[in-house]
Structures are given as structure tokens and as C-alpha cells.
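Read through the structure below, which is laid out as C-alpha cells, and then see the notes.
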Amino acid sequence: MTRQHGTLPSGLIFFNILNSKEDGNKRKRNCFNLRVFFRRNAFVVLTLTAVIVGVSLGFWLRTFDMGAQEILYVSFPGEVLMRVLQQMVLPLVLSSLIAGMSSLEKKVYSKIGLRALVYYVVTTVTAAFTGIALAAIIQPGKLSKKSEMSTTQNSDAQTVDSFLDLLRNMFPSNLVEACFQKYKTEYVSNENKVVLNMTEGRMINETIAVPGSSDGLNVLGLLVFCTAFGLVLGGMGSKGQPLRDFFTCLNLAIMKLINIVIWYSPVGILFLLAGQILKIDNLAHISRGVAMYTVSVIVGLFIHSFVTLPLIYFIIIRKNPFRFMIGLIQALTTAFGTSSSSATLPVTFYCMEDNHKMDKQVTRFMLPVGATMNMDGAALYEAVAALFIAQVNNIDFSIGQIIILSFIVTAASTGAAGIPQAGMVSMLIVLTSVGLPAEGISLLMLVDWLLDRLRTATNVLGDCIGVGVVQHLSRHELQTPAE
Ligand code: ASP
């Protein structure tokens, strides 16, 4: 973990100082040399400053009573950041997965894959139980009146369709289409088939499910295809070498591009946050119940991020997890600013490969998969939200139901895409699956702008700690470093 100071593209607060091979005296001098410190850690300092300035700017601009159009203009530099980051996701996922999977030995990838899977399941279930425990202790739903809830409709059939859509998206029928569209079941009223309900004496228009689509990258489909393609390519020996070289080169070029565009992220984050603060409705309208629900989720995310995950890291690696987390500040702030694990992926790669010098054989596989499927924050939030709605409706859960809830929440969070407010959508699946009324979603939306940002940061942290843990456990197998 050595760096030439003169060539540092960015820095990590304290991290570079702590990890440099300088002698003790020089280290002490550096700690107090603010100029050196700022030069080395410019990027982190800029990102953190952007968060503070963005939030302050947002609150200051609120005093001017701005209209929707003006708010749009304020958010514009942030919108550009989102577009640039999202632009990187497709080539990054393609090249990192194919290059990563094709360069691994069969024995190694099965071990890394298994360890990653165990880590994902253990941490997500733990997050779900943390949420369940907090909702049971704080009981936020007992403070909320049922009348606050508004109704949304969701049937069992729609829940099944959502699961089937997930499977359909894993196997897109057209790879080009998967680059910009996802499959989504839509519901239309069947005008040719009007059912006459004799008992009630009225006509009912039957709703039928039809194939539809929604805009956005089908990351899940590309993930499955690229993993399979990379594995086959890896097994082709010398014949597959030209294509392996191509994807490795593409991956290196994309990472170089990310190293450049990443410098724009502090500007984008600043305006994203300012725009978000401007959009918030009057906070005084939030009821006590919703406020306690918000507190429960935040406390849960805090426990998972600062106790559970660091403990797992420490138990397995025996190193200071907080020092590791300092190296992730850019990724965590970007996750907070963008509310999207997918859009944060380029920055996550940057932190793990440039700051932490993690093995590319692990990052190339685990980061794209983690950004799509490993969502500790979403699982925790969904568990608290489900119990909150149960409490509001005076529905008591037995131990058996709670265990079922934890598994459903784990599955639903895995299915949530790494995009803003995806957890809110999979929340509907959770509610119908455990037999809770799909009410109150609109109430939860009041505070989702904040919870989404926080749970996205937890999702990204879970992915990064996972890479550290799996790399450590696989260190004997990972002898030859990837290019
Ligand atoms: N926004 C989250 C993410 O991108 C997903 C969620 O809504 O929970 O990780």
C-alpha cells in the first residue's frame, strides 16, 4: 500500500499518512502540515465540503420561494453528474465482469463466488434482523394514526408478476435492448372482455397483464450474460486470448476515464443536494409516527454501518475497519448524493482499486454483482417499514412470521435495482407477500428522499467490506495479480 506522494491523484484523509512508509517523526510533521494534507486529500476534502455547502445552499435558497423550473436549474449540474456516471456503468459492468470472470481459474471463481454469496446472505439477513429488532423496540407504528394512510392497490397476482419480471430480466431476449430497457408487466383493461357481474348488477372491465417495458439499463440481465460469457471465454485457453485482452484493455481504459471524470463529482453532489433540499415539502407536516419510523431506520443503518459490518471486517481480517472505511469516503458521499448504487459504481471501483489497491480479480466480479444484488440498507429499511405498517394496522407478528419476513425482505432487497427509490418499489412486494395492506407507501415517501440516500450509502459500504472480506479469505488462491 505504498504511494509516491507527488503522483497522488487523490487522497484519503489520514489514510495516506497512516499507510505511508515514512518514519514516525516525518509522519508526525506531516499530520500538522495542513498544506501537504490538503494537497494529498484534495478530493476527499472537496467531496465533504460539497456535501456541507450543498445542504447549506439548499436551505439558504429555500428562503427565496423558488418555483419548480428554478429548482430544476439549480439541480442541473447534479443532473450532469448523474448522466456522466450512468454513462460509465454499461461499459464498466461489461468489461469488468467479462475481464474478471475470464481471467479466473475455475477453482478460484467457484470459491470466490461461494464466499461472496455467503457474505451477501449473512449480512443482508443480519441487516433485516437489525431492522426488525429496532421496529419491535421503538414501535414507531404505535404513534401513527391509521387515518394517515392512503391506499394503493396491489394484488397477489401483481406480486407474482413482479417476481416473474425479475426472472425475465435475468434472461433478456435481446442484449441490445437490455442496454436501455427492462421488461415490465403492464396492466390494461380488456375491452373485448367485459364481465357482467350479475349479483351486483354492474359491468366490470377485466384487467389483463400484458408485456411492457420500462426505461433503464437492465443490469441484472447483463450481469448474468457477462458472467456466463466471461466463464466460457476463460475456459477457451489460448483461442480466447484476443477477446480476453480486448475486455481487459477496455476495462483499463474505462477506469482511466473514470479517474478523470470523478473530479467533477464534488460539483455535481453539491447541486444534487441543494436541489433536493429545495424540493422537500414542509418538514413540520411530518407526523410523530413517521418521524419515529425515520429515526428507527437511521439508527438501524447506523448500527449496521458502524457496528455490524466493521465487526465482521475486524473478526475476519483483524485490521482496523474504520481506516478501511475512510478510504471509501468518496464512494459513500457519491452514494449519498446520487441515491444510486449503480451510478456510484464507477466511484466505488475507483476507491477499491486506486485507494485500497484491492485485487481486480475480486473487484471486477464482486462490485457489479454487489451493486445490483447486495442491498443491506434496503433490507433493513424494508423490514422496519413492513413492521411500521403492521403496527399502524394493529397487526401482531408471531416469531414464525418475523422469520418469514426477514427472508422475504432479503429476497426483495436482492431484486431491487441499484437506482433511486428502488427499495420503495420492492416494498410493495414485501407487503403483499406477508399479507399486509399495501397502504402507507405514500406516507413513507415523505421521508424517502433522506432514507434512500442513507440506505444507498449502507448498500455501497456493504459491497466494499464484502470485497475486503472475500479478498482476505481468498488470498491464498489469488496468487497472480490481474492486470
Ligand atoms: N437507492 C438504493 C440503491 O441504489 C436502492 C433502494 O432504493 O433501496 O442502492
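The values are calculated or read from the model by the stated rules, or taken from the named source; none is laboratory data. Because the structure is a prediction, the values reported are computed rather than measured. Virtual Cβ from ideal backbone geometry, glycine too; neighbours counted across all protein chains shown.
Exactly one residue out of 344, 334, 294 is within 16 Å of the ligand (Cβ to nearest atom), within 27 Å of residue 50 (Cβ to Cβ) and either more than 17 Å from the chain's Cα centre (by Cα) or not in a helix (DSSP H, G or I) (or both): that is 294. Can you confirm whether residue 460 is within 12 Å of the ligand (Cβ to nearest atom), part of a helix (DSSP H, G or I), under 17 Å from the mean Cα position of the chain (by Cα) and without any contact (Cβ under 8 Å) to a residue 12 or more places away in the chain? Taking the combined requirement at face value, the residue does not satisfy it. I'm told residue 404 meets every condition in (1) touching a helix residue (DSSP H, G or I) at 6+ places or on another chain (Cβ under 8 Å); (2) away from the ligand (no atom under 16 Å from the Cβ) except one. Can you identify the failing condition by its number? That leaves (1) as the condition not met. Scanning region 207-224 for residues that are out of contact with any strand residue (DSSP E or B) (no Cβ under 6 Å at 6 or more places or on another chain) and farther than 18 Å from residue 418 by Cα yields a count of 1. Checked against the criterion of being farther than 30 Å from residue 108 by Cβ and either surrounded by fewer than 24 Cβ atoms within 10 Å (Cβ to Cβ) or in contact with a Cys (Cβ under 6 Å, 6 or more places away or on another chain) (or both), region 375-391 has at least one qualifying residue. Within region 33-66, restricting attention to residues that are assigned to a loop (DSSP other than H, G, I, E, B) and at pLDDT below 85, the residue that is nearest to the chain's Cα centre (by Cα) is 41. Residues in region 407-418 that are among the hydrophobic types (A, V, I, L, M, F, W, C) and in a helix (DSSP H, G or I) were compared, and the one that is farthest from the ligand (Cβ to nearest atom) is 407.
Test residue 120 against the criterion of being surrounded by 14 or more Cβ atoms within 10 Å (Cβ to Cβ) and modelled with pLDDT of 90 or more, and give yes or no. Judged against the criteria, residue 120 is a match.
With respect to the conditions (1) surrounded by 20 or more Cβ atoms within 10 Å (Cβ to Cβ); (2) under 20 Å from residue 467 (Cα atoms); (3) within 13 Å of the ligand (Cβ to nearest atom), residue 366 falls short on a single one, namely (3). Residues that are modelled with pLDDT of 85 or more and either more than 21 Å from residue 426 (Cα to Cα) or touching a Leu at 6+ places or on another chain (Cβ under 7 Å) (or both) within region 178-222 comprise 178, 179, 180, 222, listed in sequence order. The residues of region 224-258 that are without any contact (Cβ under 8 Å) to a residue 24 or more places away in the chain and either basic (Lys, Arg) or within 12 Å of residue 93 (Cα to Cα) (or both), listed by number, are 239, 256.
Filter region 403-418 down to the residues that are touching a residue at least 12 places away in the same chain (Cβ under 8 Å) and surrounded by fewer than 18 Cβ atoms within 10 Å (Cβ to Cβ), then identify the one that is farthest from residue 86 (Cα to Cα).
That would be 404.
Just to check your reading of the model, which residue among 325, 366, 352, 358 is in a loop (DSSP other than H, G, I, E, B) and closer than 30 Å to residue 257 by Cα? Within the list 325, 366, 352, 358, the selection yields 358.
Mind listing just one residue for me: the one in region 427-453 that is of a type in the set (Val, Ile, Thr) and within 16 Å of the ligand (Cβ to nearest atom) and, of those, surrounded by the fewest Cβ atoms within 10 Å (Cβ to Cβ)?
447
Going by what's in this entry, would residue 382 be described as within 29 Å of residue 292 (Cα to Cα), touching a residue at least 40 places away in the same chain (Cβ under 8 Å) and of a type in the set (D, E, K, R)? Taking the combined requirement at face value, the residue satisfies it.
Residue 421 meets each of the listed conditions (1) in contact (Cβ under 8 Å) with a residue 12 or more places away in the chain; (2) more than 11 Å from the ligand (Cβ to nearest atom); (3) of a type in the set (S, T, N, Q) apart from (2). Of all positions in region 374-393, at least one carries a residue that is within 16 Å of the ligand (Cβ to nearest atom), over 30 Å from residue 258 (Cα atoms), under 13 Å from the mean Cα position of the chain (by Cα) and modelled with pLDDT of 85 or more.
Only one of the numbered conditions (1) out of contact with any Asp or Glu (no Cβ under 9 Å at 6 or more places or on another chain); (2) within 20 Å of residue 274 (Cβ to Cβ); (3) without any contact (Cβ under 8 Å) to a residue 60 or more places away in the chain is not met by residue 110, and that is (2).
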